[in-house]
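> Pasting a structure below so you can have a look.
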Amino acid sequence: MDRQAHYRELKAEIESIVAGETYVPARYASAACLLAEAFRPRFFWTGFYVVDPQKADELVVGPYQGTLGCLRIPFGKGVCGVCAAEQKTQLVPDVHAFPGHIACDSRSNSEIVVPVFDRDGTLAAVLDVDSTEYDAFDAVDQEGLEAICKILLTA
Ligand code: SME
């Protein structure tokens, strides 16, 4: 199965598993688990940083699969913080070349971060996937992950 088909299948699977579940962390945790399983070992760290409801300009770690992640990331800092500030997917082939990259685990070498929006278009979280390989992510991952992030909002 090619990766595009794999992403389509995963999206349908995640959609059916989270259908009717209104508790957002349960939706994020299920998506992180299925994505990490599907693309192991390329996906070394897979999870969500959510917008802190008490501090609109800071992300706090949410459900994830992988090694210990840092707890908080201010908007504008590192790849996740830039994704949150710009509300645009960040595809980073070499994290060491990214200004202000936050190294939670020194084994991470490339990264993709996708924004997750609420139904009203407000940023809710970012989905962060890190790899130990350089240049591990491409447009197929971007398209697949963006499509999955669109179905994570509460029904
Ligand atoms: N590398 C990320 C930080 C989060 S973790 O790697 C889990 C960044 O620069 O946004």
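> Across the stretch 34-64, what is the total count of residues that are within 14 Å of the ligand (Cβ to nearest atom), surrounded by fewer than 21 Cβ atoms within 10 Å (Cβ to Cβ) and in a loop (DSSP other than H, G, I, E, B)?
0
> Considering only residues of the stretch 65-74 that are over 12 Å from the mean Cα position of the chain (by Cα) and surrounded by fewer than 21 Cβ atoms within 10 Å (Cβ to Cβ), which is farthest from residue 131 (Cα to Cα)?
That would be 74.
> Please go through the stretch 74-111 and give me each residue that is among the β-branched types (Val, Ile, Thr) and away from the ligand (no atom under 11 Å from the Cβ), ordered by number.
89
> Turning to a different aspect of this structure: Between 120, 105, 135, which is part of a loop (DSSP other than H, G, I, E, B), touching a Pro at 6+ places or on another chain (Cβ under 6 Å) and open to solvent by 10 Å² or more (accessible area, probe 1.4 Å)?
135
> For the list (1) free of Cβ contacts under 8 Å to residues at least 60 places away in the same chain; (2) over 19 Å from residue 78 (Cα atoms), I need the number of the one condition that residue 58 fails.
All conditions are met except number (2).
> Additional query: Against the definition (open to solvent by 30 Å² or more (accessible area, probe 1.4 Å), over 25 Å from residue 14 (Cα atoms) and modelled with pLDDT of 95 or more), how does residue 93 come out, yes or no?
yes
> Something else: Condition first: crowded, with 19+ Cβ neighbours inside 10 Å and touching a helix residue (DSSP H, G or I) at 6+ places or on another chain (Cβ under 7 Å). Now tell me which residues in the stretch 12-33 satisfy that.
14, 18, 27, 31
> Taking the condition touching a residue at least 12 places away in the same chain (Cβ under 8 Å) and open to solvent by less than 30 Å² (accessible area, probe 1.4 Å), does residue 140 pass?
So residue 140 does not fit the description; no.
> Any residue in the stretch 81-92 that is within 14 Å of residue 110 (Cα to Cα) sitting within a Cβ distance under 6 Å of a residue that is near the ligand (Cβ under 8 Å from one of its atoms) and in a strand (DSSP E or B)? List the pairs, counting only those 6 or more apart or interchain.
90/113; 92/111
> Follow-up question, since we're still on this one. Going by the structure shown, is residue 93 touching a Gly at 6+ places or on another chain (Cβ under 7 Å) and either over 21 Å from residue 121 (Cβ atoms) or among the hydrophobic types (A, V, I, L, M, F, W, C) (or both)?
no
The values are calculated or read from the model by the stated rules, or taken from the named source; none is laboratory data. Remember, predicted model here, so these are calculated numbers, not experimental data. Because the Cβ atoms are built from the backbone with ideal geometry, glycine has one as well, and the counts that use them run over all protein chains shown. All accessible areas refer to the heavy atoms of the entire protein, side chains included, with ligands and DNA or RNA removed. Shrake-Rupley method; radii C 1.70, N 1.55, O 1.52, S 1.80 Å.
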